[in-house]
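Taking it in order: structure first as structure tokens, then the write-up.
The values are calculated or read from the model by the stated rules, or taken from the named source; none is laboratory data. A quick note: this is a predicted structure, and the numbers were derived from the prediction, not measured. No Cβ is skipped: glycine too gets one built from the backbone with ideal geometry, and neighbour counts run over all protein chains shown. Just the protein is used for accessible areas: all its heavy atoms, side chains included, with ligands, DNA and RNA removed. Shrake-Rupley method; radii C 1.70, N 1.55, O 1.52, S 1.80 Å.
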Amino acid sequence: MIALAFLSSGACGPFGEDPRAEANAAIVEANEKIREHNRLFDRARATYERTREAVESGEDAEGQVENILGARRDLEEARARLEEAREILAGIPELEVEEEIKEYARLLIRALEAQIAAESREIAFYELLEEDPALEESREEAREILAEAEEAYAEAGEAYAEAQSFADENPELLAREAPEAG
């Protein structure tokens, strides 16, 4: 998870346009999408955890398919919010703003793309669970999918850390007060 920094205010450009204000508005909107992602992501993970515990405690695995479907749907919706945030941020490098602001946006986009890839692998895991809730016949495939997801989540974490480090190194461009996002 990362806190997207707000941009420091800048002077207006020609015709009263303020590219920095546009960039800041994009970051604010991306933060809203990321907050919604986080809510859905947490709900998907909580549902999965309850389902996993039920199966491990001996409850009928087939009876948990509806919960698995719910977790998958929530995670798909969460991933869609990240894709929206990525699209919103993609416009920043096209603006007439400082190169540091463009680079910050590119770093955030890279982090979001890695997280989207990780969540895609996790969704594939949920799809596998829907077919085989106890993983009786697909345990090895599940391990491979989860290993891929873990690797992609690690890549996302590194990219978020790089974006945060960049923000910390450029305090004159990026304001310190940022909402928590992920």
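Across region 132-175, what is the number of residues that are small (Gly, Ala, Ser), over 20 Å from ILE116 (Cβ atoms) and in contact with a strand residue (DSSP E or B) (Cβ under 9 Å, 6 or more places away or on another chain)? Before the answer, list the steps.
Step one: filter region 132-175 for residues small (Gly, Ala, Ser), giving 134, 138, 142, 147, 149, 152, 154, 156-157, 159, 161, 163, 165, 167, 175.
Narrowing the set further to residues that are over 20 Å from ILE116 (Cβ atoms) leaves 134, 138, 142, 165, 167, 175.
Retained after the next criterion (residues that are in contact with a strand residue (DSSP E or B) (Cβ under 9 Å, 6 or more places away or on another chain)): 167, 175.
Qualifying residue count for the region: 2.
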- Query: For ALA163, are the conditions met, namely being in a helix (DSSP H, G or I), of a type outside the set (Asp, Glu), modelled with pLDDT of 95 or more and buried (at least 17 other Cβ atoms within 10 Å of the Cβ)?
  - Reply: no
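Taking the condition of being among the hydrophobic types (A, V, I, L, M, F, W, C) and closer than 18 Å to GLU169 by Cβ, how many residues in region 93-117 meet it? Can you show your working first?
Within region 93-117, the first condition is being among the hydrophobic types (A, V, I, L, M, F, W, C), and the residues that meet it are 95, 97, 101, 105, 107-109, 111-112, 114, 116-117.
Imposing the further condition that a residue be closer than 18 Å to GLU169 by Cβ reduces the set to 97, 101, 105, 107-108, 111.
Total meeting the criteria: 6.
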- Query: Counting only residues that are of a type in the set (D, E, K, R) and open to solvent by less than 40 Å² (accessible area, probe 1.4 Å), which one in region 108-133 is nearest to PHE166 (Cα to Cα)?
  - Reply: GLU119
- Query: So GLU151 clears everything in (1) of a type outside the set (Ser, Thr, Tyr); (2) modelled with pLDDT of 95 or more; (3) open to solvent by less than 80 Å² (accessible area, probe 1.4 Å) except one condition, right? Which one?
  - Reply: (3)
- Pair list, Cβ under 6 Å, 6 or more apart: region 129-151 residue part of a helix (DSSP H, G or I), other residue surrounded by 12 or more Cβ atoms within 10 Å (Cβ to Cβ) and among the basic types (Lys, Arg): ILE145/ARG121; GLU148/ARG121; ALA149/ARG121
- Looking only at region 41-54, and only at residues there that are surrounded by fewer than 16 Cβ atoms within 10 Å (Cβ to Cβ), of a type outside the set (Lys, Arg) and under 23 Å from the mean Cα position of the chain (by Cα), the one that is modelled with the lowest pLDDT: GLU49
- Given (1) more than 15 Å from the chain's Cα centre (by Cα); (2) touching a residue at least 24 places away in the same chain (Cβ under 8 Å), where does GLU66 come up short, assuming only one miss? (2)
- Task: Spot the failing condition for GLN115; the list is (1) modelled with pLDDT under 95; (2) of a type outside the set (Val, Ile, Thr); (3) in a helix (DSSP H, G or I), and only one is missed.
- Result: (1)
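Is one or more of the residues making up region 168-175 in contact with a helix residue (DSSP H, G or I) (Cβ under 8 Å, 6 or more places away or on another chain) and free of Cβ contacts under 8 Å to residues at least 60 places away in the same chain?
The initial filter retains those residues of region 168-175 that are in contact with a helix residue (DSSP H, G or I) (Cβ under 8 Å, 6 or more places away or on another chain), namely 170, 173-174.
Restricting the remaining residues to those that are free of Cβ contacts under 8 Å to residues at least 60 places away in the same chain gives none.
No.
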- Task: Output the qualifying pairs, or none if there are none: Cβ atoms under 7 angstrom, residues six or more apart or on different chains, first residue in region 97-117 and within 18 Å of GLU155 (Cα to Cα), second residue not basic (Lys, Arg) and not in a helix (DSSP H, G or I).
- Result: TYR104/LEU174; LEU108/LEU4; ALA111/ILE2
- Residue identified as under 30 Å from PRO171 (Cβ atoms), modelled with pLDDT under 90 and not in a loop (DSSP other than H, G, I, E, B) among ASN31, ASN24, ASN38: ASN24
- Can you give me the number of residues within region 97-107 that are open to solvent by less than 50 Å² (accessible area, probe 1.4 Å) and either in a helix (DSSP H, G or I) or among the small types (Gly, Ala, Ser) (or both)? 5
